[in-house]
Amino acid sequence: MYDYIIIGTGPSGGNIAHNLFKAGANILVLEAGKLMNKKTFPRTEADTSARLYWGGGIEFDTDAKMGFLRTRVVGGTSIVNQCLLDRFDDIAFNDWKAESGVNWFTNEQLAKHYDTVEHALALHTFTANEMNRNAQLFTQSCDKIGVKWGYLRKGQSDCAQERGNDCMACLGGCHRDSKQSSYAGYLRDDIAAGLNIQTETEVTQIVHNGNTVTLHALQQSKPVTFQAKNIVLAGGAFGTTKMLLQSGFKKQLPALGKNFSTHPQFMSFGLFNEEIHAYKGYFQTVASKDPNLRQKGYKLENVFAPPISAAMLFSRTGAYHQEIMRNYTRMTCIEVAVRDENAGEIKVDNKGKLTIDKPFTAQDRRRRDEGRELIANILTNEGAKKVYASPFSVGLHLMGGSVMGTDSAKSVVDPEFRVHGYKNMFVADSSIYPNAPGINPSLTIMALAQKLSDQLIGANHGI
Amino acid sequence: MASNYLSNSALKAINRIGDMMIPRNGEFPSFSEVGGIAYIDDLVSYAPPADIKDLNLLLTILAFMPNFVLRWLLNRMENSMESSGPLAPIFRMLDVGLRGLIFSCYYTEKIPASYTGKKPLDIIGFDLTRVED
């Protein structure tokens, strides 16, 4: 009988597993994906999609207009994201408080947890001489137009830029262990020290027995069962919500599955006469940091996409497609990330498959269109001959579905991270986000996980 | 060329559709010339068995479609983002699924040694540097 079983190893589960393991708790960590490391992460874009993501690369909403990227690997999302780590601002927390009734959603209340996480990881704020040409053009144009921008802060230790390393390669897992994923930042050393982790194990049902919880799972297709005094669900918005839904908790928790948001991202590419090589070096160093855009509900990110993803985003084939791809190295790219309404719903069909309803509301569309228009201005202002706006939207930040709140009729998790009515079932991942913050969610996921860790360790007198 | 997951008809369909999406054009070789489909098992093997079964069925149906029907279908898929109606989501999913397979086998480092022409990644100028130590 374990004290705790932690399900999931992303920014939340990795942090909690690390803290409870260090505190000496008798824990088991379950992960649906495989354990990979810097030597075994995929080395091609196609292999990355196939091996690291659920659905062989992408999952869709029911209308198939939006694609979601969800990882299945030890380390979760933190393996493939850019590890951009920002604290939330007062706008985000005030909106959370208003929606949830949880009064500790403030920067002051979470400051010590942010501090702990930031202290544990190697953080780097980019500087002017680290910008590639894509970023230079973006910032020059923003300055001319009057859009405020700022350098991004990333969790990384040694990216070997002076030796020509291209960070786009780490979208399939960092081959240097520089990126501060929950694997590199927490779990790698814990696993070496004896952390009990079972991979390729997908939890299919949670059975609450009062003082204990039984988990039924498939481990490489074979049924297995585990039992613990407490469980921590850290499978992310889709994973955690799916586990609760297919275990029948919807009856007691009517809000389960609701309030899903995802910061939909729409990329636009600008074609220039000069060679840009936007995929080279640090390919994401700056973003808009403009109070006006924050107020309007969107931000601009200076990014780029590897070839297969870029080819997908242009949505065309034949000669038109080839003409675009021939100019791949002369393209720049900016995306608008919309702070979307939490109107989505996560469901499970009668075959046990996830279905995602994600209506794109009038407000979402207005924000997207304003952002696209601004991007077109930025690109043409700096000399783009042509601007291609991709019709596709991608959701990378999967949030909500098991939201936190004081009212069990409108939320799933109480302010102490317990599933309403279940004293030994905890959730602290992105599924508890009451609405879209409009800010990269990773650091706050880790800060919330740190808060829960402190709570669990404190309640057990250090365990 | 054989696959442990896809039938011969399915592989033929991928090559046919691939050549429609990426024909030989200037310095670009056609999809089938490059032969990246030889490594398709590396991609498909990670999909759930039910999805592989559905993919085989779909591709087998497409394999027997006349060219003009297939071209109409691809065109319908390509323009599906702005479409509405009950079939639109199916066309959109087909579009992303098929283009994903085709582009993954074309813009790839994994190309058979029998292909001696310029590789698509070289043509577009993609040369990623990975410093490992």
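A short reminder: the numbers here are calculations on the coordinates, not readings from a lab. Nothing here was measured: the structure is a model prediction, and the numbers come from that model. Reconstructed Cβ throughout: ideal geometry from the backbone, glycine too, with neighbour counts over all protein chains shown.
Report, in degrees rounded to the nearest 10, the 0 to 90 angle that the Cα long axis of helix A:236-246 makes with the longest principal axis of chain A. Here the helix axis deviates by roughly 40 degrees.
Against the longest principal axis of chain A, how steep is helix A:442-459, in degrees 0 to 90 to the nearest 10, with axes from Cα atoms? Once rounded, the angle reads 20 degrees.
Based on C-alpha pairs under 8 angstrom that are at least 6 apart in sequence, chain A has a relative contact order of 25 percent. Note that the range A:13-30 has calculated 3J(HN,Hα) couplings of x, x, 5, 5, 4, 4, 5, 5, 4, 5, 7, x, 6, 8, 10, 10, 10, 10 Hz, one per residue in order, obtained from phi through the Karplus relation 6.51 cos²θ - 1.76 cosθ + 1.60 (θ = phi - 60°); glycine and proline are x. The mean of 1/r over all distinct Cα pairs in the protein assembly as shown, once inverted, gives the Kirkwood hydrodynamic radius of 24.6 Å. Spin-label model, A:ALA128 to B:ASN75: label points 7 Å out along the Cα-to-beta-carbon direction sit 5.4 nm apart.
Residues of the range A:61-90 with an amide N closer than 16 Å to a point placed 7 Å from the Cα of A:LYS410 along the Cα-to-Cβ direction: none.
With contacts taken as Cα pairs under 8 Å and at least 6 residues apart, the range B:40-133 reaches a relative contact order of 16 percent.
Other residues with beta-carbon under 12 Å from the beta-carbon of A:LEU30 carry, at +1 per Lys or Arg and -1 per Asp or Glu, a net charge of -3. Straight-line reach from A:LYS299: which lysines have a Cα under 19 Å away, not including same-chain ones fewer than 8 places off? Straight-line reach from A:LYS299, under 19 Å: A:LYS144, A:LYS148, A:LYS154, A:LYS289. In the distance distribution for the range B:8-124, Cα-Cα pairs more than 16 Å apart total 62 percent. Calculated FRET efficiency, A:GLU274 to B:ASP54, Cβ-Cβ distance, R0 = 41 Å: about 0.35 to the nearest 0.05. Taking 4.7 Å between C-beta atoms as the pairing limit, the protein assembly as shown has these partnerless cysteines: A:CYS83, A:CYS142, A:CYS159, A:CYS167, A:CYS333, B:CYS105. All Cα-Cα separations within the range A:204-246 were binned at 10 Å from zero, giving a P(r) of 27, 57, 17, each value a whole percent of the pairs. Working from label points 7 Å from Cα in the Cα-to-Cβ sense, the A:VAL207 to B:MET1 distance is 4.9 nm. Pop the C-beta distance of A:GLN198 and A:ASP143 into the FRET formula with R0 = 51 Å and round what comes out to the nearest 0.05. The pair A:GLN198/A:ASP143 has a calculated efficiency of 0.45. In terms of surrounding Cβ atoms within a 10 Å radius of their Cβ, A:HIS18, A:HIS208 rank from fewest to most as A:HIS208, A:HIS18.
What the Cβ-Cβ distance of A:SER157 and B:ASN67 gives, at R0 = 45 Å and to the nearest 0.05, is a FRET efficiency of 0.25.
Comparing A:PHE283, A:ASN460, A:SER221 along the charge dipole axis of the protein assembly as shown, the residue lying farthest to the positive side is A:SER221, per the Cβ-charge model. Overall, the ratio between the Cα radius of gyration of the range A:193-287 and 2.2 N^0.38 Å, rounded to two decimals, is 1.71. Straight-line cross-link partners of A:LYS39 among the aspartates and glutamates, defined as a Cα under 13 Å from its Cα and at least 8 positions apart when in the same chain: A:ASP177, B:GLU132, B:ASP133. Only DSSP H runs of four or more residues enter the estimate; each adds -39500 (n - 2.57), and after division by the residues of chain B the mean residue ellipticity at 222 nm equals -16500 deg cm²/dmol. Local charge sum around A:THR444 (other residues, Cβ-Cβ under 9 Å, Lys/Arg +1, Asp/Glu -1)? Neighbourhood net charge equals 0.
What's the local net charge at A:ASN259, with K and R +1, D and E -1, over the other residues with C-beta under 9 Å away? That sum, taken over residues with Cβ under 9 Å, equals 0. Partners of A:LYS222 within straight-line reach, counting aspartates and glutamates whose Cα lies under 17 Å from its Cα and excluding those fewer than 8 residues away in the same chain: A:GLU31, A:GLU200, A:GLU202. Taken along the Cα-to-beta-carbon direction at a fixed 7 Å, the label points for A:ASN26 and B:ASP127 span 5.9 nm. For helix B:49-63, report the angle its Cα long axis makes with the longest principal axis of the Cα atoms of chain B; keep it between 0 and 90° and round to the nearest 10°. Between the helix axis and the principal axis of chain B, the angle is about 80 degrees.
Given axes a ≥ b ≥ c from the Cα gyration tensor, I'd like to know whether the range A:13-135 is rounded (a/c under 1.5), prolate (a/b larger than b/c) or oblate. Here the range A:13-135 falls in the rounded category. Counting only DSSP beta bridges with both residues in the protein assembly as shown, the antiparallel share comes to about 75 percent.
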